[in-house]
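See below for the structure under consideration.
The numbers here are math on the coordinates, done by the rules we state, and not lab data. This is a predicted model, so every value here is computed, not measured. Every residue, glycine among them, receives a Cβ derived from its backbone with ideal geometry; neighbour counts consider all protein chains shown.
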Amino acid sequence: MLSFSSWSVKAREISIRKVNGATMNDIFALFLTEAVVFIGIALAFTVGIIWSVKPYLKEIMFVSFLHSLCTVPVFLALLSLIGGFIFFAGFIPAKIFSSISVLQAFRPLICNRYWWKRGLLWVQFTVTGFITILLLIFVGQYDTLVHTEQGYSLEGLYYARFKNEGGLVKAQSLKGELERLPFVMRVSVATDIPLHFLNGTCAYHAENERELVCSRYCAVDEDFLKVLQVPSTDRQAEPNVVQKRREVVVNERFVQLLKKQDYDKNFFLMGGEIKQIGEVCTDFQIGSFYNEQ
């Protein structure tokens, strides 16, 4: 911003330098040197700001040490940003102002057209406003993610996608390998995560097939709620293999909707099969941070 905002007074300065014998190479060196100095000042302020908010930044990036962010993509992005700044704030203005006439030095300063200054100020405040709004949105989203109660814990939680071409056997094998790692506390396998918009289905009356509750579902293993740290009711008894295939875990909201339909049984018809409620967990957000679940 400092480099761009100084363009409105550069014409007279460049013309004075030309009167004093400055060549085109001198003008190029002037602008490039100025761009490098501004980059150095910006980097110094950036490092100072990062160091002053280091605990907050580590919390945002979910890292223990900031040097873990020093990766090749980060360095490439930084070099691209510096190169773009040198091009637009150094090379382009040097090319433009090298053609300034020496007569600019003899014009009264009041004769300069003010549209230059107005245009540059407009660009400067527009970019500053955009960055400020983007920062406010980012901080607001982070505050929502960390401090809004989602019904499950995000601390130390990581997820990864994989192609389950081998079916359940491959998934369980991969889960076992991950559980052997010393820094892994618990692993779960699921078809979706809470932030995804899960598939929809309906629960029907087991006798007359009357629609009871429409809900969303996903297939998970027995450790899913433990990984998310979602409280649930304890099982009365360990189910056998047949019962486990029929069991489903529902949330408290699901049970409330069943009661509103005057349905007090713990089984219902879903997907053409009889499903039995095995556990009841507390409500947690799915698909959105804001919508009521």
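Normalised by the number of residues in segment 191-281, the mean separation of alpha-carbon contacts (under 8 Å, six or more apart) gives a relative contact order of 33 percent. In a fully extended conformation the segment linking Lys260 and Ile274 would gain 3.0 nm over its present Cα-Cα distance, using 0.36 nm per residue. For Phe197, project a label point 7 Å along Cα to C-beta. Then give me every residue of segment 268-287 with its amide nitrogen under 15 Å of that point. Output list for this probe position: 286-287.
Straightening the chain between Asp26 and Val72 buys 13.0 nm, computed as 0.36 nm per residue apart minus the Cα-Cα spacing. Pairs exceeding a 31 Å alpha-carbon distance, out of Lys163/Lys275; Lys170/Lys259; Lys54/Lys95; Lys226/Lys265: Lys170/Lys259; Lys54/Lys95.
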